[in-house]
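Trainee: Would you mind keeping the following structure in view while I ask a few things?
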Amino acid sequence: MYGGDGITDDPDRTAFRRAEKKYKLYYDQNTKRRKQIRPVDLSEVVDFKSILETYNQTGETPNCVHVLKGEFDCPVIHVDNRPGFYFIPGALSVEQQCRWIKESLVSFPQPPNRTNHNAHYGPVQDLFTAAGEGKILVQKEDSLKESEPLSNANEPRWKFCDKTVNVSLKGYGGNSILASVLLRKLRWSTLGLQFDWSKRNYDVSLPHNKIPDALCQLAKKLALPALPAGDEFKPEAAIVNYFASGDTLGGHLDDMELDWTKPIVSMSLGCKGIFLLGGNSRDDEPLAMFLRSGDVVLMAGKARECFHGVPRIFTDMEHSEISLLEKHLSTATDQCFLDYIRTSRININIRQVF
Ligand SMILES: O=C(O)CCC(=O)C(=O)O
């Protein structure tokens, strides 16, 4: 799903592509030659939060939308003609959101979990802390010598140094990058069984830790509305997606897991975004909906066969809707998390693989 999906010719060819293009972030230049966000018509984007608010006041919903109130803590939304798709507005408390934002930045990208940076830099330890301390990542000289390759591919080939280090000194390869730049370029990390993006499958031979128990328990609970009574969801892998302004996740299917009756539990954190839920083909018109911090989406059964993606996140103060997070991340120690999440969205999606 990263790095394109193989369609390179006419970008307007399918309904899904047209919707992605409609909501994508574009800049225009105004008369003073300043960059301005191009306004987008959001009138067709479904807002389940506001549908739920109206339902709570009047008991009414649009015809095709149903509010399910079962044994689960929060109301769950189900839409006609979208079997297997469930939307839980505000499923996560603000405390839970803050906790998972912090874990997503501090512990989830830690080796042996892999990130998009592995391919180029090998395992990178303590990226978030290094970014906060203004460090730079410097290539070790021995990793440049082909005659003396590092014996273990998991050995760090780069290391963080203070900005003051002279990278032309002996022992350094001369290549360097600011940790803060790397943090902005963090696009994904994988927990539990590691997904191999190049082969598009789970590589069970890769070293990995189990998904943290607290996340496992939360995912099991969140999965309940999408599971037949008595059935169990076993979280075995998770993909954490990090979005900065302008980042998108192209339309794709999550089809690498064995049992599609098991839901994907997908949690949104940080800035508001737009989610597109299409059909079995890219030619099917997708449903666009807002995703806010704390919302949870479940996709099981037929919904697992549907193209989906994220064409837009809103990082401007007017649309990001993160005021609750701002209040809860108000201490000096939380400032670094707030600085990050003010212009970012994080998605954690949890899967049963086998
Ligand atoms: O960011 C999201 O909400 C969706 C993520 C997703 O579709 C995926 O990782 O497969």
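The values are calculated or read from the model by the stated rules, or taken from the named source; none is laboratory data. The structure displayed is predicted, hence computed values, not measured ones. In this analysis, Cβ positions are derived from the backbone assuming ideal geometry, glycine residues included, and neighbour counts consider all displayed protein chains. These accessible areas exclude ligands, DNA and RNA; they are computed on the full protein's heavy atoms, side chains included. Shrake-Rupley method; radii C 1.70, N 1.55, O 1.52, S 1.80 Å.
Trainee: Can you tell me which residue is farthest from A131 (Cα to Cα) among those in the range 315-354 that are at pLDDT below 95 and of a type in the set (D, E, K, R)?
Mentor: Looking at residues that are at pLDDT below 95 and of a type in the set (D, E, K, R), I get E318.
Trainee: Next question, about the same structure. Quick one: what pairs do we get from the range 293-312, first residue in contact (Cβ under 8 Å) with a residue 12 or more places away in the chain and over 23 Å from S323 (Cα atoms), second of a type in the set (D, E, K, R) and in a loop (DSSP other than H, G, I, E, B), C-beta under 7 Å, 6+ apart or different chains?
Mentor: If the second residue must be of a type in the set (D, E, K, R) and in a loop (DSSP other than H, G, I, E, B), the pairs left are A300/K262; A303/R82; R304/D254; F307/R282.
Trainee: Out of the residues in the range 91-133 meeting the condition of being modelled with pLDDT under 95 and surrounded by fewer than 16 Cβ atoms within 10 Å (Cβ to Cβ), tell me which one is farthest from the chain's Cα centre (by Cα).
Mentor: By that ranking, first place goes to H120.
Trainee: Now, a different point. Considering only residues that are more than 10 Å from the ligand (Cβ to nearest atom), buried (at least 22 other Cβ atoms within 10 Å of the Cβ) and of a type in the set (A, V, I, L, M), which ones fall in the range 253-268?
Mentor: Matches in the range 253-268: V265 only.
Trainee: Sticking with this structure for a sec: Within the group A179, A244, A237, which residue is in contact with a helix residue (DSSP H, G or I) (Cβ under 8 Å, 6 or more places away or on another chain) and within 16 Å of the ligand (Cβ to nearest atom)?
Mentor: None of the other options fit; the residue is A244.
Trainee: β-branched (V, I, T), more than 21 Å from the chain's Cα centre (by Cα), within 21 Å of G250 (Cβ to Cβ) and open to solvent by 50 Å² or more (accessible area, probe 1.4 Å) - does that describe any residue in the range 50-67?
Mentor: Checked the range 50-67: no residue is β-branched (V, I, T), more than 21 Å from the chain's Cα centre (by Cα), within 21 Å of G250 (Cβ to Cβ) and open to solvent by 50 Å² or more (accessible area, probe 1.4 Å).
Trainee: Let me ask another. From the set of residues in the range 273-289 that are within 11 Å of the ligand (Cβ to nearest atom) and touching a Lys or Arg at 6+ places or on another chain (Cβ under 9 Å), which is nearest to V353 (Cα to Cα)?
Mentor: Here the residue is L277.
Trainee: Oh, and also: Within the range 296-309, can you find the residues that are open to solvent by 10 Å² or more (accessible area, probe 1.4 Å) and within 13 Å of the ligand (Cβ to nearest atom)?
Mentor: Within the range 296-309, M299, C306, F307, H308 qualify.
Trainee: Could you tell me which of the residues A214, A238 is out of contact with any Cys (no Cβ under 8 Å at 6 or more places or on another chain), surrounded by 15 or more Cβ atoms within 10 Å (Cβ to Cβ) and at pLDDT 95 or above?
Mentor: Checking each option against the conditions leaves just A238.
Trainee: Give me a count of the residues in the range 315-327 that are within 30 Å of F16 (Cβ to Cβ), of a type outside the set (G, A, S) and crowded, with 22+ Cβ neighbours inside 10 Å.
Mentor: 2
Trainee: Scan the range 93-117 and report the pairs whose first residue is assigned by TED's automatic domain parsing to the domain that holds L193 and whose second residue is of a type outside the set (A, V, I, L, M, F, W, C) and assigned to a helix (DSSP H, G or I), with Cβ atoms within less than 6 Å and a gap of 6+ or a chain change.
Mentor: V94/H328; C98/H328
Trainee: Go through the range 196-212 and count every residue that is within 18 Å of P109 (Cα to Cα) and in contact (Cβ under 8 Å) with a residue 12 or more places away in the chain.
Mentor: Qualifying residue count, the range 196-212: 9.
Trainee: Which pairs have Cβ atoms under 7 Å, sit 6 or more apart or on different chains, and link a residue in the range 262-282 that is assigned by TED's automatic domain parsing to the domain that holds E236 and touching a residue at least 24 places away in the same chain (Cβ under 8 Å) to one that is near the ligand (Cβ under 8 Å from one of its atoms) and among the small types (G, A, S)?
Mentor: L276/G309
Trainee: Does at least one position in the range 278-285 carry a residue that is open to solvent by less than 10 Å² (accessible area, probe 1.4 Å) and outside any loop (DSSP other than H, G, I, E, B)?
Mentor: no
Trainee: Would you check if D80 is within 26 Å of the chain's Cα centre (by Cα) and of a type in the set (D, E)?
Mentor: no
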